[in-house]
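Down below is the structure, laid out as structure tokens.
Quick note: the coordinates plus some simple rules give every number you see, no bench work behind them. Owing to the predicted nature of the structure, the values given are computational and were not obtained by experimental measurement. Cβ sites come from the backbone with ideal geometry, for glycine too, and all protein chains shown count toward neighbours.
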Amino acid sequence: MDTMYITHPASHLHEMGALHPDSPKRIDAISDQLIMSGLMPYIDNCHSSLRASDEDILRVHTMDYLNYLRNHIPKKGSYHTIDMDTIMNSYTLDAAFYAAGAGLLAIDSVFNKQVNNAFCATRPPGHHACSNRAMGSCFFNNIAIAAKYAISRYNLKRLVIVDFDVHHGNGTEEIFANDSSVLMCSFFQHPFYPDTELICSQNMCNIPVKAYADGSFIRNIVTSRWVPSIKLYRPELILISAGFDAHIEDDMGQLNLNESDYKWITDVLVDMAEKYSSSRIVSFLEGGYDFSSLGRSAVMHMRSLARL
């Protein structure tokens, strides 16, 4: 099988209150749609990820920050609120270590030629987490941890991070600004959360778009801005921050994409990976809060990864 689906039971134990949009049910929505679509028999289904080590985390985050999280693990049945969007329960840090570890398992799997690509459906998400700060429901920056691991373990010189979440992947941008080993390409609604300024850096192709931009507008950005940058860069690996909250049915944002747009974007990236990175892609779940559109979009994303 050419595509791996990675999740972990710890993702269900991390929760931030009954009304918080980043619910454990998001993982169920994806797995349910994978089963209903008939796709599950055609992918390598892995329900046990590695647990990241402190060394893996500290390639990206500071020791002071890791110690802060450890010192604020709440007791059973209680919460520690970092900000209004970012809340810890007693299982959160454990889930975060396994979410980061899913990316490491995926990296090893694609470089050991077990699969061409992988989708990590874990929580908490990661792309808002900065080197020394949790925010936006993110504690560890999973995609950055995977990128640093791949560079260290497999001596990579060039990798691409693509982020199509409706929100700016500010943490990933902060971590890799001016790092020539990483090219980051993204679009995101602006002005919108997290309202952070773009970092001016030659290795960033991050494009703010206005509310209500539709799929044709986004496809033009991919074709005219992302693709030429990626072709010139010739990455050895493509990583994806796969947020599905730019979907027209998702009330968390105001962009007007649909599941066919996510498939089209993924098709473009799969084509690029086949040309430049021996088909190697690792994708990470970020946003997506309307269960129905999340599940349908993730299925289309995985159909494209699996070439089905």
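Some values worked out for this structure:
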| item | result |
| --- | --- |
| The chain - mean residue ellipticity at 222 nm from DSSP helices (-39,500 (n - 2.57) per run, n ≥ 4, rounded to 500) | -11500 deg cm²/dmol |
| The chain pair-distance distribution - Cα-Cα, 10 Å bins, rounded % | 7, 31, 40, 21, 2, 0 |
| Separation between Cα centres of segment 116-182 and segment 34-104, rounded to whole Å | 14 |
| Dipole moment magnitude, nearest 20 debye, segment 3-306 about Cα centre, only Lys, Arg, Asp, Glu C-beta charged | 820 |
| Check: segment 42-116 dipole with +1 on Lys, Arg Cβ and -1 on Asp, Glu Cβ, in debye | 200 |
| Cα-derived Rg to Rh of segment 152-210, Kirkwood definition | 1.00 |
| Nonlocal amide H pairs with MET4, under 5 Å, H built at 1.01 Å | ASP44, ASN117, ALA118, PHE119 |
| Where N is the number of residues in segment 143-302, Cα Rg divided by 2.2 N^0.38 Å | 0.96 |
| Descending semi-axes in Å of segment 120-218, equivalent ellipsoid built from Cα gyration tensor | 22, 16, 13 |
| Per-residue Cβ neighbour rank within 10 angstrom, fewest leading, PHE164, PHE217 | PHE217, PHE164 |
| Lysines with Cα under 25 Å of LYS210, excluding same-chain neighbours fewer than 8 positions away | LYS263 |
